[in-house]
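Peer 1: Below you'll find the structure I mean.
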Amino acid sequence: MVEVKLHDIGEGMTEGDIITYFVKEGEDVNEDQPIIEVQTEKMVTELTAPKRGKIKDILVEEGATISVGTTILTIDAENGSNEEDKASPKDISETPKSSEPVSGHDRKLEVKGPVRIKAAPYTRKIARELEVDIEQVQGTGKDGRITVEDVKDFKSPGEAADKGENVVTATKKAAESPMEDENWIPFKGRRKKIAKKMTQSIYTIPHVAHMEEVDMTELLAFRQELKPEVSISIAAFFIKTLAIALKDYPIFNSELDEENGRILLKDSVHMGIATDTPEGLIVPVIRNTEGKPLSDIHKEMKSLTAKAMENKLTGKEATGSTFTISNVGPLGSIGATPIINYPEVALMAFHKTKKMPVVDENDEIVIRSMMNITLTFDHRVADGGEAIAFTNRFKSLLENPKLLLLELV
């Protein structure tokens, strides 16, 4: 008998939610066949069968939250092995597509809401293999979830009638759901994980928000000058500039170890990028930003946010940030008080850049491109004076691109 347990997949997880079983009791499975879809704090992932055999007992219900180490199901191994499970998460599963990531200054806001496709990674794999556009498939599973049968029926409609019973059964189950006649939305999976993380942060850290406005005129002009040769997003400038400023004010790139009464100043800046995906907020991480050129940061940021939108981030790519940014300006935000990405000490949000009249040093009214920024920080670790100094350093570098260039030499 083989026990398939929930493992720590390397992101420091302590629990996960069982989203979907791809198998049923009594069903034969092959080694490495996807059998369970699990939602962790950072991603959706699959567990595979460690052995070829027959599913004996499914011990945990779909939707349940279980701790690492919990036995999820057992398999009668074909060779009669008594080993414990060797199941491990495979690559991150896919989730609904979206046109562009939130991060990235160039993004244009789309008014329409996100397209949410409920389908397991294995189902999506089958859809790809059959060249079926899964967004066109009508789900008959629980809460409208798309099943493998739905995909196959979509591919071969002539066979659908033979499987009509499945559709009727699924529809009947949905109708029996107590949520059918109510406007309830399931509070589980990533939404629940986000809620837990936010609650931990807001109830652990005394948040203080410091706000400033930045004149973006010169930086926008500088970026425009670069465009014939290279296109670099404004967000990449934010990240690189913050890496410089954080070296000057490392207290905002630290972590509080309250239990042992000490603050750890981090050697490197691992920048978290708060990204709004159809499945909820996730924070991909660009590591060692202080040592990377702008062009590399730009490319890595684009790659990571694209993977975040497709839920393909690895555990390493979704953990380990030391400071986080939230680029909400492209969405139209002019101000906010964001919650710190625990256990970090600070988070900076960038708001909408807009042209507006400003009084210059000659007491003349000029039109400048102005942007608000918000620094939220842990008041146990830093004070307002340090926050203002750090923000001013960041502001001065952005407002004087030549000064920024000197820092890059």
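Peer 1: So for region 231-248 (the condition being closer than 23 Å to ASN372 by Cβ and of a type in the set (Lys, Arg)), does at least one residue qualify?
Peer 2: Looking through region 231-248, at least one residue is closer than 23 Å to ASN372 by Cβ and of a type in the set (Lys, Arg).
Peer 1: Among the residues in region 249-264, are any free of Cβ contacts under 8 Å to residues at least 12 places away in the same chain, open to solvent by 50 Å² or more (accessible area, probe 1.4 Å), over 30 Å from ILE66 (Cα atoms) and of a type in the set (A, V, I, L, M, F, W, C)?
Peer 2: yes
Peer 1: Which pairs turn up if I take residues in region 309-330 that are farther than 21 Å from LEU246 by Cβ and of a type outside the set (A, V, I, L, M) and look for partners that are at pLDDT 90 or above and assigned to a loop (DSSP other than H, G, I, E, B) with beta carbon separation below 6 Å, at least 6 apart in sequence or on another chain?
Peer 2: none
Peer 1: Give ALA235, ALA243 a once-over and let me know the one that is assigned to a helix (DSSP H, G or I), under 19 Å from THR376 (Cβ atoms) and within 18 Å of the chain's Cα centre (by Cα).
Peer 2: ALA235
Peer 1: Ok, one more. Name the pairs: first residue in region 56-74 and touching a residue at least 60 places away in the same chain (Cβ under 8 Å) and at negative phi, second residue loosely packed, with under 14 Cβ neighbours inside 10 Å and of a type outside the set (D, E, K, R), Cβ to Cβ under 7 Å, at least 6 apart or on different chains?
Peer 2: Correct list of pairs: SER67/THR14; VAL68/THR14.
Peer 1: If a residue has to be open to solvent by 30 Å² or more (accessible area, probe 1.4 Å), touching a strand residue (DSSP E or B) at 6+ places or on another chain (Cβ under 7 Å) and not in a strand (DSSP E or B) to count, how many in region 8-38 make the cut?
Peer 2: Summing the residues that are open to solvent by 30 Å² or more (accessible area, probe 1.4 Å), touching a strand residue (DSSP E or B) at 6+ places or on another chain (Cβ under 7 Å) and not in a strand (DSSP E or B) in region 8-38 gives 9.
Peer 1: Only one of these is charged (D, E, K, R), assigned to a strand (DSSP E or B) and either surrounded by 21 or more Cβ atoms within 10 Å (Cβ to Cβ) or at pLDDT below 80 (or both): GLU46, GLU41. Name it.
Peer 2: Exactly one of GLU46, GLU41 is charged (D, E, K, R), assigned to a strand (DSSP E or B) and either surrounded by 21 or more Cβ atoms within 10 Å (Cβ to Cβ) or at pLDDT below 80 (or both), namely GLU46.
Peer 1: Testing ALA77 on (1) among the aliphatic types (A, V, I, L, M); (2) modelled with pLDDT of 80 or more; (3) buried (at least 16 other Cβ atoms within 10 Å of the Cβ); (4) within 25 Å of LYS118 (Cα to Cα), one condition comes back false. Which one is that?
Peer 2: Every condition holds for ALA77 apart from (4).
Peer 1: Of the residues that sit in region 200-219 and are open to solvent by less than 50 Å² (accessible area, probe 1.4 Å) and assigned to a helix (DSSP H, G or I), which one is farthest from LEU405 (Cα to Cα)?
Peer 2: Among those that are open to solvent by less than 50 Å² (accessible area, probe 1.4 Å) and assigned to a helix (DSSP H, G or I), it is SER201.
Peer 1: For region 230-246, indicate whether the set of residues that are surrounded by fewer than 14 Cβ atoms within 10 Å (Cβ to Cβ) and of a type in the set (Val, Ile, Thr) is non-empty.
Peer 2: Yes, there is a match, as at least one residue in region 230-246 is surrounded by fewer than 14 Cβ atoms within 10 Å (Cβ to Cβ) and of a type in the set (Val, Ile, Thr).
Peer 1: Now, a different point. One residue is enough: does region 278-291 have a residue meeting the conditions farther than 21 Å from LYS395 by Cβ, over 15 Å from the mean Cα position of the chain (by Cα) and modelled with pLDDT of 95 or more?
Peer 2: There is at least one residue in region 278-291 that is farther than 21 Å from LYS395 by Cβ, over 15 Å from the mean Cα position of the chain (by Cα) and modelled with pLDDT of 95 or more.
The values are calculated or read from the model by the stated rules, or taken from the named source; none is laboratory data. Just so it is clear, the structure is predicted and the values come from calculations on it, not from any experiment. Positions of Cβ are backbone-derived with ideal geometry, glycine not excepted, and every protein chain shown enters the neighbour counts. These accessible areas exclude ligands, DNA and RNA; they are computed on the full protein's heavy atoms, side chains included. Shrake-Rupley method; radii C 1.70, N 1.55, O 1.52, S 1.80 Å.
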